[in-house]
Amino acid sequence: MGSLNFASTERQLVKTVCAIVIKGYWDKILKPRIGSFVTSSVMNQSLLDLSPYGFSISWSFFKWVETIPQYKHSLQSSWTMICILTKQRHFRTAQNLLEKVARKDFLSSPTVLNALVNSYGDLDVNSHVLSWLVIFYANSKMNPDALQVFDHMRVCGYKPHLHACTVLLNSLVKERLTDTVWKTYKKMMKVGVIPNIHVYNVLIHACCKSGDVEKADELLSEMESKNIFPDLFTYNTLISLYCKKGMHYEALCVQDRMENGGVCPDIVTYNSLIYSFCREGRMREALRLFKEIKGVSPNRVTYTTLIDGYCRVGDIDEALQMRDIMEAKELYPGVVTYNAILRKLCEEGRIQDANKLLNEMNERKIEPDNVTCNTLINAYCKIGDMRSALKLRSKMLEAGLRPDQFTYKALIHGFCKAHEVNSAKEILFDMIRSGFSPSHCTYAWLVDFYCNRNDDEGILALPGELAQRGLCVDITVYRAIIRRLCKKERIDCAQRVFRHMQTAGILGDTVIYSNLAYRALEPHNMDTNKISYNAGQAKGQTEEKGNQMMDKAGNVAQSAKNSMAQFNGKGIQLCTVDNLEKLGISRYFTKEIQSVLDETYR
């Protein structure tokens, strides 16, 4: 009985509110009662009842209520207002309000969506609003939310708009979520969305991103069967895909096909084709295509591509001549053009010419980028001029450029070559402080320095130094050091580092074990007593897996030694194959094993 009275009272309140709004007495009568008597449910129903009186009354009332301090529209009221605006075809206003709500409220939850769409029963309106929500989330790079709304629409029987599907697919392609693209496309087809040229272009772009030539050809055939004619974007994407895969003949066939179909190639078409030939050093074909350009003018990208191509094949004079032609056309080189020439000059050791080019860039107000600076820093490091390299790094910082991984690697390598290991380590620590993780080759250069000096203690101290400077010394650090030591055939030192790793409580992985075993099993390293002794020493310092592997190495080494006395050269090789299989690491040496078997049983 009480609930009935409440419902009756609420309906009366709604009628009263609507009457006051229609007469325009908002400020005097309603303002003091908003939030107390005029609750969110009363507000929601009032908006619905006011909607037949036209868009302006309900919208003006909604906006006026927003200005009242300490009052906030409920999600239900906002959704109702969005639906009313959509129903009365004020789409832009409805979209703006939806985006405002979506930024502050979590709308993609199925529970929330169910409650909202059930409050407004118009199927067409809800399809509009939910499609806009998919577009908003996709454009905001919130693909999981966009997919959740899309799936909710599909399950509840709302047909997504074609534009929403296109935007969603395109967003997924940009994120390289190729599998999700095809799953979403299949779902679109199931709910009756008919793809158009824009959808097919997005799908072919997905093929280009994933390098799937076969799928792209299928889509092209599917388009033609549906009388959907490829446009310039379709052809350019296909040409780009074929060029990326090195399929020059197919790319040129697409160019002929587009011209026969009445679609004129643009400069993007020619640039893709020219780039594919330049990348492979086929400058004759690239220049032929350049001369065949018609209907459009070569741009900065065209000339830069050719200049880079000539630099790749070592023809710096042709590259410089092409730059002169470019400038004569009033197309002035940018930083990418200069970087291509700088790279070649530095490769040839022409540092003075490279510096002249850098001065020219400064005169023309062309700001160097990270590639420019890294190219020159690397060149200085190669010739051992570390002072100039550091000076250039300082200028780089002054210009607001942040050294990247390539900068640090070049400097570390340079200092190691110059036998300045302390400076190399300082750069390494700076690299770590800047948030970059050293790669395998970074540690390899430091190991090489100590190996050249027979300084095993320096290598053993390296993990501790890294830990003191804040680096988390994990399996990757030890793996890099042990791999390099094994490659340098410093087995004793590698095993000492291995035991040091075990003492630190770090368990080795298959890469470490296979490197140690592979080197230990080489005939000139077959001191089985030593291997067995080391395996025994490791006991109690490592976990069970490490002990088992080292024990296996000792046992297999003894077996290999016994076999060596019985077999000729081929027998030794077959014995080693058997030993690797006993260790359980033969899968890491499939090529070597196959080679031995082919040689033995041919």
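The values are calculated or read from the model by the stated rules, or taken from the named source; none is laboratory data. Here the structure is a predicted model, which means the values were calculated and not measured. Here the Cβ positions follow ideal geometry from the backbone for every residue, glycine too, while neighbour counts run over all protein chains shown. Ligands, DNA and RNA are excluded from the accessible area calculation, which covers all protein heavy atoms including side chains. Shrake-Rupley method; radii C 1.70, N 1.55, O 1.52, S 1.80 Å.
Kindly state, to the nearest 0.05, the FRET efficiency for Ile383 paired with Lys356, given R0 = 22 Å and r defined as their beta-carbon distance. Efficiency at R0 = 22 Å is approximately 0.85. Of Lys382, Lys226, the order by accessible heavy-atom surface (1.4 Å probe, DNA, RNA and ligands excluded), from most exposed downward, is Lys382, Lys226.
Packing-based ranking of 404-413, 242-251, 140-149 yields 404-413, 140-149, 242-251, ordered from highest to lowest mean Cβ neighbour count within 10 Å.
Mean separation of Cα pairs under 8 Å and 6 or more residues apart, divided by the residue count, gives segment 198-282 a relative contact order of 26 percent. Legend: calculated FRET efficiency, Met189 to His419, from the Cβ-Cβ distance at R0 = 60 Å, rounded to 0.05, equals 0.35.
The alpha carbon centroids of segment 420-443 and segment 318-386 are separated by 27 Å. Cross-link pairs exceeding 30 Å in C-alpha to C-alpha distance, out of Lys395/Lys417; Lys104/Lys174; Lys15/Lys63; Lys23/Lys159; Lys329/Lys365, comprise Lys23/Lys159. On full extension, the segment bounded by Ser439 and Thr503 gains 20.7 nm, given 0.36 nm per residue less the C-alpha separation.
Packing around the peptides 203-210, 489-496, taken as the average count of other Cβ atoms within 10 Å per residue, puts them in this order, highest first: 203-210, 489-496. As a fraction of the 1.4 Å probe accessible area of segment 276-421, surface on carbon and sulfur atoms comes out at 48 percent. Contact order for segment 51-120, expressed relative to its length and based on alpha carbon pairs under 8 Å spaced 6+ residues apart, stands at 29 percent.
Protection proxy ranking, highest mean first, for peptides 457-466, 338-347: 338-347, 457-466, where packing is the per-residue count of other beta-carbon atoms within 10 Å, averaged.
The length gained on full extension between Val335 and Leu320, counted as 0.36 nm times the residue separation minus their Cα-Cα distance, comes to 3.9 nm. Summed over the residues of segment 120-205 and divided among them, the accessible surface reaches 44 Å² per residue at a probe radius of 1.4 Å.
Label separation (Phe429 vs Thr67): 6.4 nm, computed from points 7 Å beyond Cα along the C-beta direction. Between Glu489 and Phe406, the C-beta separation translates, for a Förster distance of 30 Å, into a calculated FRET efficiency of about 0.50. Once both labels are positioned 7 Å from their Cα atoms along Cα-to-Cβ, the gap between Ala328 and Val296 label points is 2.4 nm. Per residue, the accessible area of segment 357-499 comes to 48 Å², computed with a 1.4 Å probe over protein heavy atoms only. Placing a pseudo-label 7 Å from each Cα along the Cα-to-Cβ vector at Leu162 and Ile22 gives an inter-label distance of 4.2 nm. Inter-part distance, segment 231-277 to segment 99-165, computed on C-alpha centroids, equals 38 Å.
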